Amino acid sequence: MENRAGYHVAVLGATGAVGREMVRTLERHAFPVASLRLLASPRSAGTLLPFSGEQLRVEAVNEHSFDGVDLALFSAGGSASRQWAPVAVNAGCVVIDNSSAFRMEPDVPLIVPEVNGADLGHHHGLIANPNCSTAQLVLALEPLKQRFGLHRVIVSTYQAVSGSGQRAIDELEHQLQAWVRGESVAPAVLPVADAAVHYPIALNVLPQIDHFLADGFTKEEEKMQNETQKILHAPRLAVSATCVRVPVVRGHSESVYVELEEPAEIPEIRDALRAFPTVVVEDDPDEQRYPYPLMCAGREETFVGRLRRDRYEERGIHFWIVSDNLLRGAASNAVAIAETWAEAVHG
Ligand SMILES: NC(=O)c1ccc[n+]([C@@H]2O[C@H](COP(=O)([O-])OP(=O)(O)OC[C@H]3O[C@@H](n4cnc5c(N)ncnc54)[C@H](OP(=O)(O)O)[C@@H]3O)[C@@H](O)[C@H]2O)c1
C-alpha cells in the first residue's frame, strides 16, 4: 500500500505471532506509514493481512525488499536477522530487530524507550528490541534504581507459550483439545523447537526456556541478566533468573526479589513505580487486587502488584510483574522505539 505522507515501512516476519502484532500496533498507534511492505519466508508469500482497511499481500523477502524503505521492523528469528539486517542497513533503512542476534553488540543500542530512549542517539542503522521478559523487568526496576539504588535482583518467570511463537500457541491448543477428548498428542515444539526431546505443556510447567549453558543456567536466563545490565547501564548489577514456561497463551508473569541500596517503605516504592511511565500498580491485598495474565493480555502497560518487604533482609522487597509479551515485550516496544526514532530524527 502507498498513499500517505510518512515513512516507508517494512515488517519482516509479518505472519508470525509478533509480526502480526507489529502490523496491528502500527495501525493502533497511527504511526505515520506512507507505505507498508509485509515480508516473510516463501512459505507464506501471498498471504493477505489487514492494515488500515486494506488487505496487504505478504512477499517473500529478497535482496531488493528494502529498497526505498525507511524503517524495518524485524521479527523473523536470529538467522533471518543476521542474513537480512545488513542488506536492509546497506539499502539505507533503519532496522529495529526483535531477535537476540545483535542485542549485546556494543554499537547496537538495546532500547526500552521509557528507560534508556536516550541511547538511541548512537545507532548505526541497527537498533535492538530486548527479550520479552527483560522489557517488563527493566520497566519496574528503573524507577527503583533511580530512587533507592539496586543491589541485586532474583527473578523467576512464568512465561506464556506465545513467547515461543505461533507454533507453540498451536501446540498448547492442540494438547488441550486432545486432553478434553481423552486423547494425547506427541509434543514437538516445547520446551525448545530444535531440541531432541519435547515435553507436553498443557496442564504442565516446564523449567526450561532455550538451551542450557555449561553452568546450568539457560540462554534465556543469561539474556535476562545481560540485557538488564545493558539497558539499566549497570554492568555489575547481580541479576539471577529462573525462566519457566507455563500453559498461558499470552502474558508473562515474574516473581521478583530485589535488594535495594537503601531501605524503603512500601508506600514510597508504590509511589516510585506509579510515577514511572507505562507502569501500572495493581496492588491491594485487602481487595484481593493484583495483576494476572488474562487481565493484562492486549494491554501495553506493565502491571506490578504483590509488593511486600522481605521478612529477613531490611533492604529486600518482593513483587509480581505481568505484561503482554507480544506487545510490551515485542511489538509495542518496537513501535515505541520507532516513534522515539522518528521524533529524534524529524521532531
Ligand atoms: N513471541 C515473543 O513474545 C517474542 C518477544 C520478543 C522477541 N521475540 C523474537 O521475535 C522473533 C519472532 O518471534 P515470533 O514469536 O513472532 O515467531 P513466529 O510466530 O514463529 O513467527 C516467525 C516469523 O518469521 C518468519 N520467518 C521465519 N524464518 C524466516 C526466514 N528465513 N526468512 C523470512 N522470514 C522468516 C515467519 O514467516 P513464515 O510464515 O513464512 O514462516 C514468521 O512470519 C524471534 O526472533 C523471537 O525471539 C519474540
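Every number here is computed from the coordinates shown, using simple stated rules; none is lab data. Predicted model, so just to flag it, every value in this text is computed and none were measured. Quick reminder, even Gly has a Cβ in these numbers, built from the backbone with ideal geometry, and neighbours come from all protein chains shown.
Overview of results
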read-out	value
Theoretical FRET efficiency, 1/(1+(r/R0)^6), r = Cβ-Cβ of Ser255 and Asn204, R0 22 Å, to 0.05	0.70
For Arg37, distant residues with modelled amide H under 5 Å away	Val9, Ala10, Val11
Relative contact order, percent, the range 134-324 [alpha-carbon distance under 8 Å, six or more residues apart]	27
For the range 86-101, Karplus couplings with θ = phi - 60° (6.51, -1.76, 1.60), whole Hz, Gly/Pro x	x, 5, 5, 5, 5, 7, x, 9, 8, 10, 10, 9, 8, 7, 8, 4
Beta bridges per DSSP with both ends in the chain, % antiparallel, nearest 5	50
Amide proton proximity set for Val281, modelled H, under 5 Å, gap of 5+	Val304
Taking Phe212, Phe102 and counting other C-beta atoms within 10 Å, the order from fewest to most	Phe212, Phe102
Leu56 long-range amide H proximity, modeled H, under 5 Å	Leu49, Phe51
Tensor-based shape of the chain (alpha-carbon gyration tensor, a/c under 1.5 rounded, otherwise prolate or oblate)	oblate
Stokes-Einstein diffusion coefficient of the range 11-124, Kirkwood radius over Cα pairs, 37 °C, 0.692 mPa s, in µm²/s	224
Lys, Arg +1 and Asp, Glu -1 on Cβ, resulting dipole of the chain about Cα centre, debye, nearest 20	460
The range 134-324: proportion of alpha-carbon pairs further apart than 20 angstrom, %	57
Scaled radius of gyration (Cα, divided by 2.2 N^0.38 Å) that the range 275-347 gives	1.40
Highest average packing first - 64-76, 334-346, Cβ atoms within 10 Å	64-76, 334-346
HN-Hα J in Hz across the range 106-117 - Karplus 6.51, -1.76, 1.60, θ = phi - 60°, x for Gly and Pro	x, 8, 10, x, 10, 10, 10, x, 5, 9, 9, x
Nearest-ten-degree value, helix 17-28 long axis tilted from longest Cα axis of the chain	80
For Thr278, Thr25, order by how many other beta-carbon atoms lie within 10 Å, fewest first	Thr278, Thr25
On Cα atoms only, tilt of 219-231 relative to the major axis of the chain in degrees	90
The range 312-329 - phi-based ³J(HN,Hα) in whole Hz, Karplus 6.51/-1.76/1.60, Gly and Pro as x	10, 10, 4, 8, x, 10, 10, 7, 10, 10, 9, 8, 6, 5, 6, 9, 4, x
Helix 132-148 axis, angle to the chain major axis (alpha carbon atoms, nearest 10°)	50
Antiparallel bridge percentage (DSSP; both residues within the range 134-324; nearest 5)	70
Length-normalised contact order for the chain - Cα pairs under 8 Å, 6+ apart - percent	17
Loop trypsin sites (Lys or Arg not before Pro), the range 1-98 (other Cβ atoms within 10 Å of the site Cβ: 13 or fewer; DSSP)	Arg4
Overall form of the range 191-295 per C-alpha gyration tensor (a/c, 1.5; a/b vs b/c)	oblate
Alpha carbon centroid spacing (whole Å) that separates the range 69-99 from the range 135-171	25
